[in-house]
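Worksheet: one structure, shown below.
Just so you know, all these numbers are worked out from the coordinates, no wet-lab data involved. Source: prediction; values computed, not measured. We place every Cβ from the backbone using ideal geometry, glycine too, and count neighbours over all the protein chains shown.
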Amino acid sequence: MFPLTAPARRRTFLKTLSAGAASTALPALAAWPERPLKIVVTFPAGGASDIVARVMAEQLALKLGQPVVVDNRPGAGGSVGGQLVHQAAADGSTLMLSNSTPISIGPFALDKQPYDPVEGFTHVALIGSAPCVVMANPKAGLRTLADLEASAKSAGRLDFGSGGPASIGHVYGELMRNTLGIPMVHVPYRGGAPMTTDLLSGVVPVGIDVLTAFVPYFRSGQLVPLAVTSATRSPLVPEVPSVAETGQRRLVLDNFFGLSAPPRLPAEVVARLNAACNEILAQPEIRRKMLDLGITTTPASPAAFTTFVREQVAQLAPTVRGAGVRL
């Protein structure tokens, strides 16, 4: 056998080094996750985000072979939990149940923006979305979105209630005010329950909130749904038109639910988490559980989810800032 030349020896060394690195990396990837995972929820226990997180945590634990715990970190419009995840190590052990509040609203309602909601996270998996509903007390005499617009212009003012400053209902009302050019005035409440009480009694004529909790009031006739804020009708209230149907596509807005992680999460971990989530969401039982919460499951790739987030931030950030929404 002829002795190797210097360049040949160098090529052989580099091949050996490359093979060694690959053999070292593969077991590390195969072993992930090596420890329990945590899903940070930016709301208190018991709400829709918390329930979604616990459903996903249970299923991810089965898929990944590690415990997955839920950590509720409410505050500052979701920015407390959002900042915790934004600053966490990008090792796949810390995730956030992300939605419109900590991503598209909260960061822009603070005096100092705590993180970039698009680049400050790795947006791993889209779980689904739930529309808001624009609704009225029957005594207000409103039956459609066109009625609302005409009434506001005629009276010179239309009050609307929401679950509080910087809530999804508040911001949607401001989006309506800007888009339609109508004099809507926000009436803030300390949560959805007191807003509902005043809406039912007619203290406030119009309310805007996430759809799910209000379906029984529509069935009983105590409240009138004018439109859901999605592009298509909701299966929970198929008789109620979407804002897109009314010709107001600029008013389409879904409160989304997804899993996001710290920035620069390794691509291999992102792919494995995304695949696991999509497999979970393909289960009929899980889809039914989500629909019970008013959420239509819409699994997507990380790239598609990131694009969705970027587009919603571009839609809502100017509204939040322009209306002076503050936390």
Largest-first principal axis extents of the Cα set of segment 196-327 (Å): 54, 40, 30
Added length on full extension, which subtracts the Cα-Cα distance from 0.36 nm per residue, residue 87 to residue 213: 42.0 nm
Loop-exposed GluC sites (Glu not before Pro) per DSSP, neighbour cap 13 Cβ within 10 angstrom, longest uninterrupted part of the chain: 120-238
The chain: angle of helix 145-155 to the longest principal axis, Cα-based, in degrees nearest 10: 50
Residue-averaged [θ]222 nm for the chain, counting only DSSP H segments that reach four residues, each worth -39500 (n - 2.57): -13500 deg cm²/dmol
Scattering profile of the chain at q = 0.06, 0.10, 0.13 Å⁻¹ [log10 I(q)/I(0), Debye over alpha-carbon scatterers]: -0.25, -0.60, -0.93
Selection from 150, 132, 178, by position along the positive dipole direction of segment 112-232 (Cβ): 150
Prolate/oblate/rounded label for segment 93-250 (Cα gyration tensor, a/c 1.5): prolate
Degrees separating the helix 48-64 axis from the principal Cα axis of the chain, which is the longest one: 20
Translational D in µm²/s for segment 37-136 (Stokes-Einstein at 10 °C, 1.306 mPa s, Kirkwood Rh from C-alpha pairs): 113
Between helix 267-281 and the chain: long-axis angle, C-alpha atoms, 0 to 90°, nearest 10: 50
Derived scalar couplings ³J(HN,Hα) [segment 176-182; Karplus, 6.51 cos²θ - 1.76 cosθ + 1.60; whole Hz; x for Gly, Pro]: 5, 4, 5, 6, 8, x, 10
Test item: Cα-centred dipole of the chain, Lys/Arg +1 and Asp/Glu -1 on Cβ, debye: 720
Potential lengthening between residue 58 and residue 119 on full extension [0.36 nm per residue; Cα-Cα distance subtracted]: 19.1 nm
Global form of segment 132-206, assessed from the alpha-carbon gyration tensor, a/c cut-off 1.5: oblate
Shape category assigned to segment 224-294 from the gyration tensor of Cα positions, a/c cut at 1.5: oblate
Coordinate range along principal axes, alpha carbons of segment 116-173, Å, largest first: 46, 21, 19
Dipole moment magnitude, nearest 20 debye, segment 250-327 about Cα centre, only Lys, Arg, Asp, Glu C-beta charged: 300
Kirkwood Rh in Å, taken over all unlike Cα pairs in segment 201-250: 11.6
Protection proxy ranking of 43-56, 129-142 - average other beta-carbon atoms within 10 Å, highest first: 129-142, 43-56
